[in-house]
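The values are calculated or read from the model by the stated rules, or taken from the named source; none is laboratory data. In this text the structure is predicted, and so the values were computed from the model without any measurement. Neighbour counts are summed over all protein chains in view; Cβ atoms, including those assigned to glycine, are modelled from backbone coordinates with ideal geometry.
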Amino acid sequence: MLHTLHLDIEQMQRVIPGFLLLDTHSTILCAGHEMLQYCPLVIPEQFTEKFTVVSPAECNLNEVVSGTKIILECRSNRQTFQATVEHVAQSDYLLMVCSPQSITEVFENNKIAKTENIDTHRTQNNLKDQLYNLSAALEHSDIAILTTNTERTIKWANQQCVNLMGASLSELIDADFLELWHNHDNTITNSVRSSIENYSSFEVELPAKDKKNESKWVSGTVQPLMQNTTIMGCIVVLQDVTHKKQAELQGYKNSKRLHDLVLNLNDAVLLENEKRHIEIVNKRFCELFAIPYNPEMLIGADCTQAAENFKHLFIDEEEFVQRIETILAEKKHVVGEKLQLKDGRCLEREFIPTITDQQYLGHLWIYSDITERIGYQERISKQREFYENVLNQIPSDIAVFDKSHHYLFVNPIGIRSPEIRHWIIGKTDYDYCEYRNKPRSIADDRRELFNAVIQTKRLRVWEEELKKSDGNIEYYLRYMYPVLDSENEVTMVIGYGVNITERKKAEKTIAEALAQQKELYVLKSNFISMISHEFRTPLSTVLSSTQLLKKYSNTLTAEKKEKHLVTIEKAVHRMTSLLENVLFIGKNDSQRLTFSPLKLDVVAFMNEVIEDFVLANAGINRINISYKTSQPTVFADSGLLRQIVLNLLTNAYKYSPNDSEVFVTVYVNEKESVFVIKDQGIGIPASDKKHLFHEFHRASNVGNVQGTGLGLSIVMRCVDAHAGTINVESEVGQGTTFTVTLPQSKSHKI
Ligand code: ATP
Ligand code: MG
């Protein structure tokens, strides 16, 4: 078992940092580094010179027994220690194992000190309690507190001082305050000096660097420490206000920046307080109102007369003054007010009242020179007006769409009504169709084309047929093309359409004329082939008869000669009739056919026509005519009516067997005359009926019966000239009935 322990000094330092080793003369031979930290010792040093034994009172170190607990106080810095005294074995040295005491511990210990008088004891205890509380409060205070002696040597400092000054307590105690605390102008240290020298208090707030060279802002007071009338030193109470100061500094920087910003603004700015005294005014304001002073010189100036002073600059002087009065009375935010100056400039005014916590603190005037902006806006709007005028004058409907087919613009040709033109902006064709009750399919078709334009980024052209509200159809040739930006992206789509109704009509007329031309061409070729055929037969008849007459004139009997002459005469008649028919049609087509209606005695007229017919067609006497008339006259062109009756009679006989009868019935009343020619001939096949009145058309059942196919077209033209009608009823093999109805009036088509 180990009874003694030998430690050298170094080991002691490591194991017991707070020790003191004294010899028999109470000289401190050695001290632990913690003791050196708390008490500045110059070893060897007399213990009694450096320390006082506070407890137990009147303690004699030479007589103290091992294990005794004592309380020491360092004379220089009043730092107290609790120590246990031990006599070192086999030597006369005394070992004190010390630990530093806080002030509260000191009072704690003091509390147990005994006094003889119980009342005094109580009073002392109360006092001690108060002192204890006070010292505890000081010790743990958030505020750094220290005291110095008159030499400015720190004698006491609390924990917050340690934090604030960046030094340990032992570094602080007995240190010269001036050496510990650095700041560029030594405000604190000078305050301490002055406080001591002049017995006066100082308030300080300043940046400083602590022992660790850390920058801080501190604020507090320096007060002289008095005992009765004697100055003992001073009390320094300090607080770390770095954060607060930084925030203030930031606020200051911000407000300075704002202030600078206002001063350098391109707008004229004037900040007035509630008494209308200038707080801020910038250079631009002075320039705008031609004020011959620096802005700084105007600070504090009274603005109550400002409106009067500057009204001469404005076109409407009184209005300027009155409006300012109104604005100031209403104290409401005003924005975008335009003011016209006499020199041609235009200003825009803003008024901002400053109200904080329902208290009116003043107001801010901002004036901006918008002369250029207005000029620019005017130019822009003139340009816009110009282009819109141009677009509006173009005789084509124009619409501009955004990428999603919404209308951006449409000109008056596109939509006539200004209200709808305005309404449609931002809308689509679907909205338009719904609004105008038009089929949705129109919008569908346009959307399809629009999408194609967007996808292909190419122009599309198409024709559109629109039924107007009056029932007329109009045709439009529409174009839609994309407007591309520098990156080949579609920015908008322009659509325009040209009304091509007139062109379409012209095209139709041309097409019809062309068809007519073609028809005419066919007619001509038909005509030529027909004529050449129809003429060849009678001509060859004439030729053969004349050759026979010429060759056998001496030998031919008179009877035979007569027969040949009749043959020639018939052939010539046939050719003449053919030529007359052709001439008639030609006249009608070139509109040279004359129509001269007269009142005709219908019976006399018909008798004459039939007589001529019989004469021309020798041997025909089978005409069965009857009249059912309420009046004797018909109103007709005799030449044309003759053509009608002769052609229908000729056909009736031509397309009937030789012995068959033809019935003619004439009906006449006040309104109309009706001529019915009925035969019992070959009839007309149904398929031929619709072409019956076309030139050169002949039914498929004519067989060898001669004809040119012109007779009925002549009849039709004559009936048309009378504004009458012709009707045909026919059955193949049963017979045919033609009914011609002519009005008893002067109206006619020619
Ligand atoms: P032409 O020029 O000498 O009169 P066409 O008699 O043949 O010749 P249209 O009178 O125009 O010509 O008659 C046209 C056709 O109508 C005839 O070729 C014939 O086929 C038919 N047609 C007209 N009238 C009758 C009728 N009464 N009976 C049967 N067919 C008829
Ligand atoms: Mg005929």
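Annotations
- Top-ranked residue in segment 605-624 [being loosely packed, with under 15 Cβ neighbours inside 10 Å and modelled with pLDDT of 90 or more; ranked as nearest to V664 (Cα to Cα)]: N624
- Segment 666-711 - residue that is farther than 14 Å from G735 by Cα, surrounded by fewer than 16 Cβ atoms within 10 Å (Cβ to Cβ) and among the small types (G, A, S) and, of those, farthest from ligand 2 (Cβ to nearest atom): S687
- Within segment 65-91, being surrounded by 12 or more Cβ atoms within 10 Å (Cβ to Cβ), at pLDDT 85 or above and either assigned to a loop (DSSP other than H, G, I, E, B) or small (G, A, S) (or both) holds for S66, A83.
- Exclusive hit being without any contact (Cβ under 8 Å) to a residue 40 or more places away in the chain, more than 20 Å from Y481 (Cβ to Cβ) and not in a helix (DSSP H, G or I), set E385, E419, E378, E350: E350
- Residues of segment 719-742 classified as touching a residue at least 12 places away in the same chain (Cβ under 8 Å) and in a strand (DSSP E or B), total: 14
- Check on V335, surrounded by 15 or more Cβ atoms within 10 Å (Cβ to Cβ), within 30 Å of G375 (Cβ to Cβ) and of a type in the set (V, I, T): no
- Of the residues screened, H25 is not one that is modelled with pLDDT under 85, surrounded by fewer than 16 Cβ atoms within 10 Å (Cβ to Cβ), over 60 Å from the mean Cα position of the chain (by Cα) and outside the structural domain of T147 (by TED's automatic domain parsing).
- Scanning segment 213-235 for residues that are in contact with a strand residue (DSSP E or B) (Cβ under 7 Å, 6 or more places away or on another chain) and hydroxyl-bearing (S, T, Y) yields S215, S219, T221.
- When I315 is tested against (1) more than 30 Å from N282 (Cα to Cα); (2) surrounded by 11 or more Cβ atoms within 10 Å (Cβ to Cβ), exactly one condition is not met: (1).
- For segment 662-698, a residue qualifies if it is touching a strand residue (DSSP E or B) at 6+ places or on another chain (Cβ under 7 Å), among the basic types (K, R) and under 28 Å from I531 (Cα atoms), and exactly one does: K689.
- Taking every residue in segment 452-475 that is assigned by TED's automatic domain parsing to the domain that holds S404 and within 25 Å of R436 (Cα to Cα) and pairing it with any residue that is surrounded by 14 or more Cβ atoms within 10 Å (Cβ to Cβ) and among the acidic types (D, E), at least 6 positions away or on another chain, the pairs with Cβ-Cβ distances below 6 Å are L466/E474; K468/E474.
The rows are residues; the columns are (1) within 27 Å of K563 (Cα to Cα); (2) assigned to a helix (DSSP H, G or I).
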site	(1), (2)
L600	no, no
F605	no, yes
F613	yes, yes
I625	no, no
K628	no, no
N651	yes, yes
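- Residue ID - modelled with the lowest pLDDT, chosen from residues in segment 40-64 that are in contact with a Ser or Thr (Cβ under 8 Å, 6 or more places away or on another chain) and closer than 15 Å to V97 by Cβ: L61
- Pairs with Cβ under 8 Å, 6+ apart, first in segment 256-278 and on the phi > 0 side of the Ramachandran plot, second assigned to a loop (DSSP other than H, G, I, E, B) and surrounded by 16 or more Cβ atoms within 10 Å (Cβ to Cβ): R276/C303
- In segment 603-618, the residues that are closer than 14 Å to I644 by Cα form Cβ pairs under 6 Å with partners that are assigned to a helix (DSSP H, G or I) and of a type outside the set (A, V, I, L, M, F, W, C), at six or more places apart or across chains, as follows: V609/R642.
- Here is the figure for segment 706-723: residues that are near ligand 1 (Cβ under 7 Å from one of its atoms) and at pLDDT 90 or above total 3.
- Restricting attention to segment 712-734, the residues that are within 16 Å of ligand 2 (Cβ to nearest atom) and more than 23 Å from L598 (Cβ to Cβ) add up to 4.
- Test: E502 is free of Cβ contacts under 8 Å to residues at least 12 places away in the same chain and closer than 29 Å to V390 by Cβ: yes
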